[in-house]
Amino acid sequence: MKIILYMAMTANGCIARQNNETDFVSEVEWRSFKKMANQVGTIIMGRKTYDIMFKAEAFSGMGAVKIVILSRKKTNVKKNVDTYSSVQSALQGLKKKGIKKVLLAGGSLTNASFMKENFVDEVYLDIEPILLGKGIPLFDSSVFEMHMRLKGIKQLSKDEVQLHYVRK
Ligand SMILES: NC(=O)c1ccc[n+]([C@@H]2O[C@H](COP(=O)([O-])OP(=O)(O)OC[C@H]3O[C@@H](n4cnc5c(N)ncnc54)[C@H](OP(=O)(O)O)[C@@H]3O)[C@@H](O)[C@H]2O)c1
């Protein structure tokens, strides 16, 4: 199964402010993310990101996209959303359903969980024109290393670029 990480971040690698706000993420970026989610067809995210997106009604326009959540707590299982308690069980479950591609959509802890297992094949990073001294990092602190090839650079707007990497 191909796992594609897709994230918006500040130029110094923060995916949100410390209070979880992502007000620096532009409409252009958001549209780009939604387009990719619709193309890939399945997105996986941490329970916290799901709760934030659900509250913000951010799933509109993604009606056909299968949403998958990681959560260790049974009480956090959501209606109409596949929930798995580990990265491995999620990938096994999705494989059984014949799913071949998944978009990994954060947050920090979930991204790190996948990186530690060496499961990410491609990375899209949309760089927002801002630096934040404090914020939530792209990956929660953990030991891993991934070597990549730069496959493309796309200008999303005057001040935003998208970097596309593939695993070497
Ligand atoms: N800029 C962007 O593109 C972008 C995208 C997504 C999110 N974000 C931001 O990222 C922040 C959230 O990131 P976060 O790191 O705090 O939370 P997160 O990764 O969204 O969710 C963490 C939760 O996911 C579950 N989880 C994660 N790894 C797991 C594993 N290996 N096995 C089982 N369950 C696992 C756990 O849920 P339980 O506690 O239920 O067990 C954990 O508490 C928010 O501020 C959000 O706005 C930004």
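General observations
- Verdict on K73 being over 23 Å from Y124 (Cα atoms), more than 9 Å from the ligand (Cβ to nearest atom), charged (D, E, K, R) and over 19 Å from the mean Cα position of the chain (by Cα): no
- Listed by position, the strands (runs of 3 or more DSSP E) contained in segment 112-168 that have at least 2 residues being within 16 Å of the chain's Cα centre (by Cα) are 122-128, 160-167.
- Residue match in segment 37-56 (condition: more than 11 Å from the ligand (Cβ to nearest atom), modelled with pLDDT under 95 and out of contact with any Ser or Thr (no Cβ under 7 Å at 6 or more places or on another chain)): yes
- In summary, D23 fulfils each of the numbered conditions (1) more than 15 Å from T110 (Cβ to Cβ); (2) among the acidic types (D, E); (3) modelled with pLDDT under 95 with the single exception of condition (3).
- Criterion applied to K97, K101 was being away from the ligand (no atom under 14 Å from the Cβ) and surrounded by 13 or more Cβ atoms within 10 Å (Cβ to Cβ), and the one residue passing it is K101.
- Residues satisfying the stated conditions in segment 1-35, i.e. in a helix (DSSP H, G or I) and within 11 Å of the chain's Cα centre (by Cα): F33
- Matching entry among K73, K79, K100 (being modelled with pLDDT of 95 or more and over 11 Å from I43 (Cα atoms)): K100
- Residue in segment 120-133 that is closer than 19 Å to A16 by Cα and hydroxyl-bearing (S, T, Y) present: yes
- Among the residues listed as S60, S86, the single one being out of contact with any Asp or Glu (no Cβ under 9 Å at 6 or more places or on another chain) and either more than 10 Å from the ligand (Cβ to nearest atom) or of a type in the set (D, E) (or both): S60
- Subset of segment 134-167 (residues that are of a type in the set (G, A, S) and closer than 26 Å to N20 by Cβ): G135, S141, S142, S157
- Among the residues of this structure, I15 counts as one that is buried (at least 20 other Cβ atoms within 10 Å of the Cβ) and among the aliphatic types (A, V, I, L, M).
- Any pair with Cβ under 6 angstrom, 6 or more apart, that starts in segment 1-28 at a residue that is more than 9 Å from the ligand (Cβ to nearest atom) and ends at one that is among the hydroxyl-bearing types (S, T, Y) and modelled with pLDDT of 95 or more: V28/S157
- Residues that are without any contact (Cβ under 8 Å) to a residue 12 or more places away in the chain, under 18 Å from K2 (Cβ atoms) and basic (K, R) do occur in segment 89-112, at least one of them.
- Residue selected from segment 36-48 under the condition in contact with a Leu (Cβ under 9 Å, 6 or more places away or on another chain) and part of a helix (DSSP H, G or I), by the criterion surrounded by the fewest Cβ atoms within 10 Å (Cβ to Cβ): Q39
The values are calculated or read from the model by the stated rules, or taken from the named source; none is laboratory data. Model, not experiment: these values are computed from the prediction. So basically every Cβ, Gly included, is an ideal-geometry build from the backbone, and we count neighbours across all protein chains shown.
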